[in-house]
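Visitor: Can you keep this structure in mind? I'll have questions shortly.
The values are calculated or read from the model by the stated rules, or taken from the named source; none is laboratory data. Nothing here was measured: the structure is a model prediction, and the numbers come from that model. All Cβ positions, glycine included, derive from the backbone under ideal geometry; neighbour counts span all protein chains shown.
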Amino acid sequence: MEPIAIETLADRIGQERVSGWMTVSQAMIDQFASATHDHQFIHVDPERAAASPFGGTIAHGFLTLSLASALAADTDQPPITGLKMGVNYGANRLRFLAPVRSGKRVRGRFKLLSIEEKRPGQWQQVNEVTIEIEGEETPALIAEWITQLFV
């Protein structure tokens, strides 16, 4: 894919990119629990979680959110010429709408809302992110994801 100049991202405002599907495995959930010290039974104890309203273990909401970077990298977004790095800056209107059950697949929809040069070589990008759960009507989450891009 041909690289594009960061200035041309403004031409893509309103366009949507969609990632491929990614499986959220119990091993992934367990590793996230270990990394964050969040071992609530609904995430890591299949037997107890089966008796919960979820009917089994579910991913942490913040695990689902953290997959946004990998899902975004799996879209058809062309590389940006001279990009040195991108960093997370924050989120607006983040809502966790539906649990992601262990073994389910998710994918990301990313719609560019804005791109603005904050200072020379530093751009702020806002994307509407929807993480969908395969076979389910309600998405796992919706947020406005803010990133800083450095060229």
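Visitor: Consider the stretch 85-135. How many of its residues are within 30 Å of residue 42 (Cα to Cα), among the acidic types (Asp, Glu) and either at pLDDT below 95 or part of a strand (DSSP E or B) (or both)?
Guide: 2
Visitor: Could you check residue 92 against (1) without any contact (Cβ under 8 Å) to a residue 24 or more places away in the chain; (2) within 14 Å of residue 125 (Cβ to Cβ); (3) touching an Asp or Glu at 6+ places or on another chain (Cβ under 9 Å) and say which number it fails?
Guide: Tallying (1) without any contact (Cβ under 8 Å) to a residue 24 or more places away in the chain; (2) within 14 Å of residue 125 (Cβ to Cβ); (3) touching an Asp or Glu at 6+ places or on another chain (Cβ under 9 Å), residue 92 fails exactly one: (1).
Visitor: List the residue pairs whose Cβ atoms are under 6 Å apart, where the first residue sits in the stretch 61-76 and is closer than 15 Å to residue 130 by Cβ and in contact (Cβ under 8 Å) with a residue 24 or more places away in the chain, the second is crowded, with 17+ Cβ neighbours inside 10 Å and β-branched (Val, Ile, Thr), and the two are 6 or more positions apart or on different chains.
Guide: Every condition considered, the pairs that remain are 64/100; 64/131; 68/129.
Visitor: Sticking with this structure for a sec: Would you confirm, using the coordinates I've provided, whether residue 34 is closer than 30 Å to residue 89 by Cβ, part of a helix (DSSP H, G or I) and over 18 Å from the mean Cα position of the chain (by Cα)?
Guide: Considered against the rule, which asks whether it is closer than 30 Å to residue 89 by Cβ, part of a helix (DSSP H, G or I) and over 18 Å from the mean Cα position of the chain (by Cα), residue 34 comes out as yes.
Visitor: Suppose we keep only residues that are assigned to a loop (DSSP other than H, G, I, E, B) and aliphatic (A, V, I, L, M) within the stretch 42-84. Which one would you say is farthest from residue 137 (Cα to Cα)? Talk me through it step by step, then tell me what you get.
Guide: Within the stretch 42-84, the first condition is being assigned to a loop (DSSP other than H, G, I, E, B), and the residues that meet it are 45, 51-57, 59-60, 67, 74-79, 81-84.
Pick out the ones that are also aliphatic (A, V, I, L, M) and you get 51, 59, 67, 83.
Values: 51: 23, 59: 18, 67: 19, 83: 36 Å.
Within the stretch 42-84, the match that is farthest from residue 137 (Cα to Cα) is 83.
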